[in-house]
Amino acid sequence: MAQKTFYITTPIYYPSGKLHIGNSFTTVFCDSIMRYKKLRGYDTYYLTGMDEHGQKVETVAKELGRSPQEHVDLIAHDTKKLWELLDIEYDDFIRTTQPRHEKVVEEIFEQLLGQDDIYLGHYEGHYCIYDESFFTETQLEDGNICPDCGRPTKLVKEESYFLRLSKYEDWLLQFIEENPDFITPETRKNEVVSFIKNGLQDLSVSRTSFDWGVNVKSNPKHVVYVWVDALSNYITALGYGSKDTTLYDKYWKGDEVLHVVGKDILRFHAIYWPIMLHAIGVPVNFKLYAHGWYLMKDGKMSKSKGKVVYPDDLVPHYGLDAMRYFLLKEIPYSGDGVFTPEDFIARINYDLANDFGNLLNRTINMINKYFNSKLTKPEKSYFPFDEELKDTLQASIDSYKEDMDEWKVSSAIQHIWTTISRSNKYIDETMPWVLAKDHDKQAELNSVLYNLVEALRHIGILLKPILINASQGLFEQLNIPSTLQTWDSLDFGLLKEIHVTDKPQALFPRLDKKKEEAFITELLNPVKKEEPKEENFITIDDFTKLELVVGEVQSCKAHPNADKLLVSQVDTGDRVRQIVSGVSKYYTPEEMVGKKLVVIKNLKPVTLRGELSEGMVLAGSNKKALQLVELDQLKPGDKVS
Ligand code: MSP
């Protein structure tokens with residue numbers, strides 16, 4: 001039988017900065033679904049990538065003194081490193097700046113224009129550069145603030161192309177009705193349906209206010225709006241519109257296509273994308289899963305408030321699997337998840353180290369101790385608990401499968417832990433250490449430990465999409481042949497003989513709770529180093545605007561109208577200029593004569609109490625003293641810098 005195909009995609013990420021656990025969640029989530037489908041025998045294709053065009057990229061790059069291309073190259077490089085760290089097995093990494101993508105976007109736009117699904121008009125609206133979105137007056141928060149990111153929006157009016165969404169409103173509603181599992185979870189689907197029923201407005205799909213994007217071929221002063229550009233990645237990456245459409249034919253037109261997105265970008269995927277596809281004649285055969293968000297205890301993750309968690313801080317310290325486990329476990333199917341240092345450490349200590357790691361460790365230690373690392377398949381069952389263990393295991397496998405098929409990864413993980421708990425309970429019930437004392441109970445003891453190894457083998461298989469290293473570690477320590485690590489081998493009793501390692505290793509060492517919680521808390525709130533304020537800086541260009549030279553005082557007198565001032569005639573090399581200075585409390589006119597001072601020559605002349613002053617002399621001072629800066633080895637007109 002031909003293998004079924006499964007194509008899965010993440011959103012393509014904005015290169016606005018380093019990715020945190022929130023964005024990483026989607027990628028780890030898709031990775032686990034892809035691995036599950038692979039385990040189930042599907043031919044899978046996993047796409048991720050970067051959304052590299054748009055005004056925000058142009059602006060951020062400029063602020064950082066880079067060209068937009070340099071900027072996106074750097075971020076794409078860092079993002080790939082992050083996926084390597086999280087062991088993401090993607091098949092392709094698309095970047096919207098790649099010619100393979102840009103060329104096809106150009107054509108898609110022209111096609112829509114040619115068939116009058118796109119038309120030219122004017123757009124006026126409040127635009128958030130950060131979110132690349134327009135908002136209506138009613139959507140804005142007080143002060144024209146973007147409702148999504150809290151930044152000020154800009155009122156923009158420009159010529160723009162529009163996509164006729166309104167024309168496809170009825171078609172889309174009918175499509176959603178006929179494909180009830182098109183959008184999941186149900187609550188998100190309801191949101192979309194009520195949004196459409198409120199009436200779709202035509203979507204502005206081009207900009208003239210920036211350059212960093214795909215130009216409209218027939219009117220290049222327009223740049224294709226980032227969402228039309230971005231959404232197309234899901235088919236351009238497969239070669240749609242190119243010479244070689246093998247992947248497109250195989251995977252897009254194949255058995256299953258799943259787009260996984262965060263709840264914030266649901267509308268773009270549930271409304272604009274199917275309409276675009278339908279309009280250009282591409283089959284709309286994808287499913288959409290919109291997940292919740294990772295939040296911090298007191299709200300959204302926010303870089304500006306210093307409340308962001310990065311996987312590359314946690315993985316080197318706690319390991320890949322601890323990170324993946326937490327990410328996948330803590331966001332439920334249709335809600336948000338919260339990251340706290342306490343929960344993160346608790347999950348490692350309780351779920352991974354105590355429940356799971358310990359089960360494996362205890363089992364191996366007992367096999368080593370009582371049977372010199374080797375077991376044989378028992379002839380029969382000895383305890384009523386045996387059947388209960390097997391029943392729990394089978395029920396967990398069924399529920400796990402059902403959940404994974406519906407993208408309920410967190411819930412699927414819970415079913416694995418049900419089996420883990422049941423296995424731990426089985427040890428308490430059968431008390432192998434008591435059986436070991438009785439020479440006549442060797443067969444019972446062998447059977448108990450065999451059942452535990454079989455349960456662990458099943459657990460290892462179910463964990464393959466979730467815990468990459470730990471599932472492998474389990475198979476290695478139990479010496480499970482690769483043929484019995486497959487989905488089809490989820491059948492109790494397939495192990496003929498068992499020979500476990502005599503050097504067991506803890507998969508998840510228990511952590512010092514207080515110390516590790518403090519470590520993560522410190523990561524979240526690093527001690528802020530006092531950075532000099534930007535406005536205190538001047539550039540070297542500012543400094544060189546000052547013309548500083550040596551000036552020799554030729555003569556000096558008290559100011560006729562001000563006690564504190566002296567009036568000096570100063571030779572600055574080019575000519576003699578009059579300079580008024582507030583130094584009479586510290587210097588007499590006689591003391592001034594002959595001094596070679598530092599003069600600012602190009603200071604705008606002013607009249608001070610009736611006397612012209614054509615420059616300024618430099619002095620250092622504190623509350624008690626004042627001292628003129630003297631350069632007595634130099635001559636009038638010498639430059640000071
Ligand atoms: N570039 C667009 C997507 C275009 S897809 C054709 C975009 N990029 S993004 O970088 O801002 O977001 C990418 C994904 O990260 C979104 O699915 C978003 O929901 C997700 N997340 C961002 N912060 C998140 C959390 N705190 N928690 C979970 N996911 C979050 O939108």
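The values are calculated or read from the model by the stated rules, or taken from the named source; none is laboratory data. None of these values were measured; they are calculated from a predicted model. For neighbour counting, all protein chains shown are included, and Cβ atoms are generated from backbone atoms with ideal geometry for every residue, glycine included. When the accessible area is computed, the model is the full protein with side chains, heavy atoms only, and any ligands, DNA or RNA have been set aside. Shrake-Rupley method; radii C 1.70, N 1.55, O 1.52, S 1.80 Å.
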Margin query: For Asn361, only one of the following conditions fails: (1) farther than 25 Å from Asp488 by Cβ; (2) in contact (Cβ under 8 Å) with a residue 40 or more places away in the chain; (3) open to solvent by 70 Å² or more (accessible area, probe 1.4 Å). What is its number?
Written below: (3)
Margin query: With more than 12 Å from the ligand (Cβ to nearest atom) and aliphatic (A, V, I, L, M) as the only criterion, which of Ile271, Ile331 stands out?
Written below: Ile271
Next item on the list: Answer with yes or no whether Lys157 is open to solvent by 50 Å² or more (accessible area, probe 1.4 Å) and either acidic (Asp, Glu) or touching an Asp or Glu at 6+ places or on another chain (Cβ under 6 Å) (or both).
Entry: yes
Check: Failed condition for Asn23, given (1) open to solvent by 20 Å² or more (accessible area, probe 1.4 Å); (2) away from the ligand (no atom under 11 Å from the Cβ); (3) in a helix (DSSP H, G or I), with all others met?
Finding: (2)
Checklist line | Meets criteria (open to solvent by less than 30 Å² (accessible area, probe 1.4 Å) and either away from the ligand (no atom under 16 Å from the Cβ) or at pLDDT 95 or above (or both)) for Ser206 | finding: yes
Check: Do we have any residue at all in segment 532-547 that's modelled with pLDDT of 90 or more and over 30 Å from Ala470 (Cα atoms)?
Finding: yes
Next item on the list: List the number of the failed condition for His278; all other conditions in (1) within 12 Å of the ligand (Cβ to nearest atom); (2) surrounded by fewer than 19 Cβ atoms within 10 Å (Cβ to Cβ); (3) within 30 Å of Arg164 (Cα to Cα); (4) of a type outside the set (Asp, Glu) hold.
Entry: (1)
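Filter segment 26-54 down to the residues that are β-branched (Val, Ile, Thr) and more than 8 Å from the ligand (Cβ to nearest atom), then identify the one that is farthest from Asp398 (Cα to Cα). Step through it out loud before you land on a result.
Narrowing segment 26-54 to residues β-branched (Val, Ile, Thr): 26-28, 33, 44, 48.
Retained after the next criterion (residues that are more than 8 Å from the ligand (Cβ to nearest atom)): 27-28, 33, 44, 48.
Values: Thr27: 25, Val28: 23, Ile33: 16, Thr44: 22, Thr48: 30 Å.
Going through the qualifying residues, I end up with Thr48.
One line per residue, one yes/no per condition, for (1) touching a strand residue (DSSP E or B) at 6+ places or on another chain (Cβ under 8 Å); (2) among the β-branched types (Val, Ile, Thr); (3) under 18 Å from Leu474 (Cβ atoms):
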| position | (1), (2), (3) |
| --- | --- |
| Asp321 | no, no, yes |
| Glu330 | yes, no, no |
| Phe344 | no, no, no |
| Tyr350 | no, no, no |
| Gly357 | no, no, yes |
| Ile364 | no, yes, yes |
| Asn368 | no, no, yes |
| Ser373 | yes, no, yes |
| Thr376 | yes, yes, no |
Margin query: The conditions are (1) hydroxyl-bearing (Ser, Thr, Tyr); (2) surrounded by fewer than 17 Cβ atoms within 10 Å (Cβ to Cβ); (3) not in a helix (DSSP H, G or I), and Thr59 fails exactly one of them. Which is it?
Written below: (3)
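Kindly provide the set of residues from segment 6-44 that are of a type in the set (A, V, I, L, M, F, W, C) and farther than 21 Å from Gly460 by Cα, ordered by number.
Initially, segment 6-44 is screened for residues of a type in the set (A, V, I, L, M, F, W, C), giving 6, 8, 12, 19, 21, 25, 28-30, 33-34, 39.
Across segment 6-44, the qualifying residues are Phe6, Ile8, Ile12, Leu19, Ile21, Phe25.
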Margin query: With the structure loaded, tell me whether His53 is surrounded by fewer than 21 Cβ atoms within 10 Å (Cβ to Cβ) and either under 21 Å from the mean Cα position of the chain (by Cα) or not in a helix (DSSP H, G or I) (or both) or whether it fails that test.
Written below: no
Item checked: Residues satisfying the stated conditions in segment 431-466, i.e. open to solvent by 40 Å² or more (accessible area, probe 1.4 Å) and of a type in the set (Asp, Glu) -> Asp438, Asp440
Check: Looking only at segment 278-330, which residues are under 18 Å from Glu84 (Cα atoms) and hydroxyl-bearing (Ser, Thr, Tyr)?
Finding: Tyr310, Tyr318, Tyr325
Check: Is it true that Arg35 is open to solvent by 10 Å² or more (accessible area, probe 1.4 Å) and either under 25 Å from Trp293 (Cα atoms) or without any contact (Cβ under 8 Å) to a residue 60 or more places away in the chain (or both)?
Finding: yes
Item checked: Candidates His122, His101, filtered to the one that is surrounded by 15 or more Cβ atoms within 10 Å (Cβ to Cβ), farther than 30 Å from Ile466 by Cβ and touching a residue at least 24 places away in the same chain (Cβ under 8 Å) -> His101
Notebook entry, point to check: Just checking, how many residues over segment 423-444 are assigned to a helix (DSSP H, G or I) and out of contact with any helix residue (DSSP H, G or I) (no Cβ under 6 Å at 6 or more places or on another chain)?
Noted result: 9
Note to self: I'd like the residue in segment 4-18 that is surrounded by fewer than 24 Cβ atoms within 10 Å (Cβ to Cβ) and modelled with pLDDT under 95 and, out of all such residues, is nearest to the ligand (Cβ to nearest atom).
What the structure shows: Tyr14
Margin query: If I ask for residues that are open to solvent by 60 Å² or more (accessible area, probe 1.4 Å) and not in a strand (DSSP E or B), which ones from segment 495-507 would you list?
Written below: Lys496, Asp502, Lys503, Gln505, Ala506
